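The values are calculated or read from the model by the stated rules, or taken from the named source; none is laboratory data. As the structure is a computational prediction, the values presented were derived from the model and not from experiment. With ideal geometry, Cβ positions are generated from the backbone for all residues, glycine too; neighbour counts draw on all protein chains shown. The protein model used for the area step is the full one, side chains on, heavy atoms only, and it has no ligands, DNA or RNA in it. Shrake-Rupley method; radii C 1.70, N 1.55, O 1.52, S 1.80 Å.
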Amino acid sequence: MERERFIATEYAQKINSCKDRLFKVYANYGYEEEVQDIKKQLSKISEEQMIRVVFIGQYTAGKSSIISALTGNATIKIDSDIATDMASDYNWSGGVVLTDTPGLYTENPDHDRRTIEMIRQSDLLVYCITSDLFNQYTKADFEKWAFEINYSGKMFLVVNKMSKESGDYSILMENYSKTINRSLSPHSISEFPCAFVDAKDYRDGINDNNAELIAFSHFEEFITQLNNFIAQKGQLGKLDTPIQILKSSIDKVSEQSMDSEQDRAYVLLLSRIEKKVDQRRGQVNADIHNCIRRGLRPIIDKGYELSRSIGVESIDFTEEDFNELVESACEDLNRNLSDIIDSNLKALNDDISKIMDSETAAFFFNSVGGAVSEKKHLFESKRARVSRAQFEAISSVISQITGETVKLATKGGSASAGFLIKASEVSGSQLHNAVKFIGGKIGYKFHPWEAVNIAKNIGNVAKFAGPVISVFSFLFDVKETIDEAEQNERIAREQVKYRQSFVDVANDLEKQYIEHTNGIFAVYKSITDEIAGNRTKVQQMLADHNSMAKELVTLKSDLISIQTAIF
């Protein structure tokens, strides 16, 4: 039975596999220097460009066991970069860095400083406690990072060593959740992704091939939640950097292996276009996710602000007020997202314009001009067919991106490229049409709060705010309660319920926005597919006998497939 795997490292492993295959090809054909160059470039990828998952919390919570269970030591090699007792980094498959910390507030200030530095650099912060739950120290530490420093948006709570307790898992989980809620009041466990696991049981189950023990550990549910969290936050895009390094190397070697200056210019031109497409796709991915998170934060903040009044004074916040809050946040977000997508399109067109104004482009178009201007005929030479195919490949890619076509003009008997892109004129390309379509979906007519789940949550906020919070009866009822502890617990419950309603709406909106903006990546995929198809077609014409060229084409295609999955 196939086990649940951490998707980020699945992609990282595929990238590594492509790297190993590429090194083998280079070794077979005498490109050892290129292997060393790739290794040097990959070594310079800073850890900040990888997905960093930092494990902190209770000293005895089994953080190392969780990391071991997550990575699966039997099949995945982990290289320790820092073999000390403070914060140890594990480079997992070249795309994910796992940081294991011994806990904060040790006797060594340097250890604490290193741990805090890693926490601040984290993309995902996994806070680990045992089934004994929070004590006064871990509670204070957790609240500091989550609420004082405001890292709650990237925190994941893991309750480990669940097998220490006997009883039905669902009942234990429910009881633990209630206890944690009391500890974190006025906050609650529902504000974070949370998993109840036993890492040791999972590791033992894997080693013994014991399906029952694996299921009993509930560890695979934790892995699924991690996958969803990483994907939702757009962090997979960080894995694109090593892909771009490998692709650039393939283009470089392909260019060097060409017999003519024209062919080298063609490969270089196509490579530059593809590189700009890759860069703009990565940038728009990061910008969109950051914009969505920032744009929806006012809704969550308002829930926190109002919930603090529960048990103190009446809240005068109606359904109309809530709708106005959501509408205002979404209108701002719609405008900002439209600006991001539009500016990305204009920037890509500027990039392409500069490439087409380069000396390489001028040389290429001059070289193919004669063959392109002639009519096709049955007995034309192979060089003429190649030249025509190269021109059509560049032209089709440019057209798909910009909507413009490459026009060759003859001046004084020599061919040159007559080519001009203006963002205002870009109206017929697939990318522009996609941007226009996406912009229309998130424009002033886009009302994501009208979706079924969001409308339901807005209604829940209104119902809850009306009969329970907005009138004095709840306050009077609480004040009349004799047991002070019961008073506080009930107030805390109501605060959590009220605040969670705002969080639910924000989460629903985030899903809607991500779904509506994903269309732009389908268009980027179409462009990269066009480039890959054209490259393959031309290189097959150039080197039917060249086994290295064929292997490089296959590797490039595999890397593009990984990129498509990442975005």
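Each of Asp332 and Glu305 was given a label point 7 Å from its Cα along the Cα-to-Cβ line. The distance between the two points is 1.0 nm. In this calculation the C-beta distance from Arg383 to Ser190 is compared with R0 = 60 Å, giving a FRET efficiency of 0.30. Between Gln225 and Lys144, the FRET efficiency estimated from the beta carbon spacing at R0 = 25 angstrom works out to 0.60. Legend: calculated FRET efficiency, Ser547 to Ser343, from the Cβ-Cβ distance at R0 = 56 Å, rounded to 0.05, equals 0.80. With θ taken as phi - 60° and the Karplus curve 6.51 cos²θ - 1.76 cosθ + 1.60 applied, the whole-hertz 3J(HN,Hα) list for the stretch 246-254 is 5, 5, 4, 5, 4, 5, 4, 5, 4 Hz, x standing for glycine and proline. Could you check how much of the accessible area of the stretch 483-529 is carbon and sulfur, as a whole percent, using a 1.4 Å probe? Carbon with sulfur: 42 percent of the solvent-accessible area. 3J(HN,Hα) along the stretch 304-319, derived from phi through the Karplus expression 6.51 cos²θ - 1.76 cosθ + 1.60 where θ = phi - 60°, amounts to 5, 4, 6, 5, 5, 7, 5, x, 10, 8, 6, 9, 9, 9, 8, 4 Hz, with x in place of Gly and Pro.
Solvent-accessible area assigned to carbon and sulfur over the stretch 222-270 amounts to 47 percent, based on a 1.4 Å probe. Overall, the accessible surface of the stretch 290-392 at a probe of 1.4 angstrom is composed of carbon and sulfur to the extent of 48 percent. Rounded to whole numbers, the Karplus 3J(HN,Hα) couplings from phi for the stretch 179-188 are 5, 5, 4, 5, 5, 8, 3, x, 8, 8 Hz, using 6.51 cos²θ - 1.76 cosθ + 1.60 with θ = phi - 60°, and x at Gly and Pro.
To the nearest 10, the accessible area of Ser131 is 10 Å² with a 1.4 Å probe.
Rounded to the nearest 20, the size of the Cβ-charge dipole of the stretch 158-304 about its Cα centre is 860 debye, with Lys and Arg at +1 and Asp and Glu at -1. Taking label positions 7 Å along the Cα-Cβ direction at both Lys275 and Ser43, the computed distance is 2.2 nm, reported to one decimal. Taking every alpha-carbon pair within the stretch 180-247, the share separated by more than 21 Å comes to 53 percent. Residues in the stretch 5-31, backbone N under 15 Å from the label point at Asn518 (7 Å along the Cα-to-beta-carbon vector): list them, ranges by number please. Within reach of a label on Asn518, which here means backbone N under 15 Å from a point 7 Å along Cα→Cβ, the stretch 5-31 contributes nothing. The fraction of all Cα pairs in the stretch 127-194 landing in successive 5 Å bins from 0 to the largest distance is 3, 16, 30, 28, 14, 7, 2, 0, given as whole percents. Every pair of different Cα atoms in the stretch 267-309 enters the Kirkwood calculation, which places the hydrodynamic radius at 13.1 Å. Placing a pseudo-label 7 Å from each Cα along the Cα-to-Cβ vector at Asp20 and Asn207 gives an inter-label distance of 2.5 nm.
In whole percent, what relative contact order does the stretch 121-182 give with Cα contacts below 8 Å and a gap of six or more residues? Reported relative contact order: 46 percent.
The residues of the stretch 226-308 expose, per residue, 36 Å² of accessible area to a 1.4 Å probe. With all protein chains kept in place, the per residue accessible area of the stretch 11-70 amounts to 48 square angstrom at a probe of 1.4 angstrom.
For the stretch 301-371, a simple Cβ point-charge model (Lys and Arg +1, Asp and Glu -1, everything else neutral) yields a dipole of about 620 debye relative to the Cα centre. In this structure the amide hydrogen of Arg52, modeled in the peptide plane, comes within under 5 Å of the amide hydrogens of Val97, Asp123, Leu124, none closer than 5 places in sequence on its chain. Figure legend: label point modelled 7 angstrom from the Cα of Asp168 along Cα→Cβ; no residues of the stretch 185-219 have amide N under 13 Å from it.
In a shell of Cβ-Cβ distance under 12 Å around Asn336, excluding Asn336 itself, what net charge do Lys and Arg (+1) and Asp and Glu (-1) give? Net of charged neighbours comes to -2. Here the gap between Asp132 and Arg5, fully extended at 0.36 nm per residue and compared with their Cα-Cα distance, gives a gain of 42.9 nm.
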